[in-house]
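These notes are about the structure you will find just below.
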Amino acid sequence: MASSRKRRPKPEPADGVLLAALQRAVAQAAGAFATATGSATASGAAPAAPRAAMSAQRQRRASAGAVNDAVPPLIIAYSGGPDSTVLLDLACRLRDAATPGFAGVRAVHVHHGLQDAADGWVEHCRRQCAVRAVPLDVCRVRVSAARGIEDGARQARYAALAQAAVQAGARLVLTAHNADDRIETFLLQWLRGAGLDGLAGMAESRLLEHEAGGAPLRLLRPLVEVTRRQIEEYLRRHGLEAVEDPSNADPRHARNALRLQVLPPLARIRAGYRKSGARSIELIGEAADVLQEIARADLAACTEDAPPRMLRLDRLAALPPARRPYTLRAWLALHGAAAPSRARLLEALAQALASGGEGRMLVRLGALELRRHGGLLFLRPAGAARRPATTGEPFTWRGEPEVVVGGWGGVLRFRPIAADEAAAPGFDPDWLRERPLEVRARTGGERFKPHALRPSKRLKHLFQEAGVPEFARAALPLLWRDGRLIFVAGLGGDARWVEPGAGRVAIEWAGEPSLLGA
């Protein structure tokens, strides 16, 4: 006869699993910092096992005196929700147990202003942090919806966390993403057609970008292998209070739809999908790391012997076709260009490596544009070489060293030629003062004579000989006197109006700092 006794449920994971995951992540990150700087710190010391839980009064005494100025603060991204509540509680338990690296636990709450209840969440976080003797910074941000509310909120959140960490002198920022979040992110990125970097996006540890200089910041996700069920059980076991964001139940958001409508059927098909999915994500991450290493090596070869911030197209063309996009993407990221889509990246490659029409290449990437000239690829501010809308009014030069040219974004400099450079050609200053000068844009067909012993030529041919890119010529002003072209930016003065001699005046154009716009 079959036994009627029910199977006992498997025991829930002990708190030690979560504590160990957090302790290990912080210790590894601190050790990496110590290795990079060549010096060990208190936060990089070997981790010690947390002591047994202390009484509430003893915990408050320990936390009040536990902050050590020699140890950088540990930033906890604290929304007040279940996940971050568990993360904060775990960090405080390790702090109160005098675990190395946890002496300066500090919470940061990002107020997105997207929910009516958001102000109430701030007050909840203040109360919870006060109970735990944890300093709390509240950062109010504006969310851009240009690429969707979720993406805008994420960008604003990480920027605020990075800024708060820099101001606090921290080096580690911890978020409470869990194993379910990781699977959801993978599926979202897959639906968007992401590459390896996107599919492996939720790494346990990565550098956190920030605008301030100085020491790098590292983002840690110590609970990324902990399931949402484990987190919820920890909350129940310890009776912790947490807020719930009502938008998490709205299936109109793609992430929520995956959580509510896709993952439950997956769990019925394969109960262990989280573990197997995590293994696949790790493998994808390893492949992405290998490709990044190859791209860095290829980039070093493509920039060797090239001018600063430029890339050699002959070296790029010599790479196997499959490696070119990764090299170009790495170069663009190195110089702060907006990350292009794959289609945009392939378009840029096609234009860069096409034969002919070199000066006409133009690929816009946010605030920058990608150009090529002389077998080199470079970035410059978008629209930097546009022709001014109007011709400037005539002006009289009265001997001032600089004249601002309205609408052209630059100045004409009038520099007296010194005695030690008397062989340099210049204009007679009295001749320049006699009649008004006028700055004009090119209209086509202008002729110019930069060399005394050579005939005049069309500006187009002279620019070609001087190596001035076609796309840069419209931004170079022409200086006229009495209907005569006397100076061309990028070429100099007309030989018919200049002579060598000390005391004469050389005219120079100071517009864009360089071809790179750097």
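The single condition among (1) assigned to a helix (DSSP H, G or I); (2) of a type in the set (D, E, K, R); (3) under 40 Å from the mean Cα position of the chain (by Cα); (4) within 19 Å of ALA495 (Cα to Cα) that ARG473 does not meet is (4). Annotation: of all residues in the range 359-410 being among the aliphatic types (A, V, I, L, M) and out of contact with any helix residue (DSSP H, G or I) (no Cβ under 9 Å at 6 or more places or on another chain), the one that is modelled with the highest pLDDT is VAL403. From the list GLU470, GLU465, the lone residue that is of a type in the set (Asp, Glu) and in contact with a helix residue (DSSP H, G or I) (Cβ under 8 Å, 6 or more places away or on another chain) is GLU470.
Report yes if some residue within the range 179-196 is of a type in the set (Gly, Ala, Ser), surrounded by 18 or more Cβ atoms within 10 Å (Cβ to Cβ) and modelled with pLDDT of 90 or more; otherwise report no. Yes, some residue in the range 179-196 is of a type in the set (Gly, Ala, Ser), surrounded by 18 or more Cβ atoms within 10 Å (Cβ to Cβ) and modelled with pLDDT of 90 or more.
Each residue in the range 437-450 was checked for being surrounded by fewer than 13 Cβ atoms within 10 Å (Cβ to Cβ) and not polar (S, T, N, Q), and 2 of them qualify.
The listed residues are ALA354, ALA317, and the only one of them that is free of Cβ contacts under 8 Å to residues at least 12 places away in the same chain and surrounded by fewer than 18 Cβ atoms within 10 Å (Cβ to Cβ) turns out to be ALA354. Go through (1) at pLDDT 90 or above; (2) closer than 21 Å to ALA257 by Cα for ASP151 and report which single condition fails. ASP151 satisfies every listed condition except (1).
Screening the candidates ARG309, ARG323 for the property of being out of contact with any Ser or Thr (no Cβ under 6 Å at 6 or more places or on another chain) and more than 14 Å from LEU377 (Cβ to Cβ) yields one hit, ARG323. With respect to the stated conditions, GLU244 fails to be in a helix (DSSP H, G or I), of a type in the set (D, E, K, R) and either farther than 15 Å from ASP181 by Cα or not assigned by TED's automatic domain parsing to the domain that holds ALA179 (or both).
Looking at the range 292-312, can you tell me whether even one residue there is closer than 21 Å to ALA200 by Cα, surrounded by 14 or more Cβ atoms within 10 Å (Cβ to Cβ), assigned by TED's automatic domain parsing to the domain that holds LEU346 and at pLDDT below 90? Yes, the range 292-312 has at least one match.
Pick from the range 451-470 the residues that are part of a helix (DSSP H, G or I) and surrounded by 19 or more Cβ atoms within 10 Å (Cβ to Cβ): which of them is nearest to the chain's Cα centre (by Cα)? Top of the filtered list is PHE463.
The values are calculated or read from the model by the stated rules, or taken from the named source; none is laboratory data. These numbers come from a predicted model, not from an experiment. Here the Cβ is made from the backbone with ideal geometry for all residues, glycine too, and neighbour counts use every protein chain on show.
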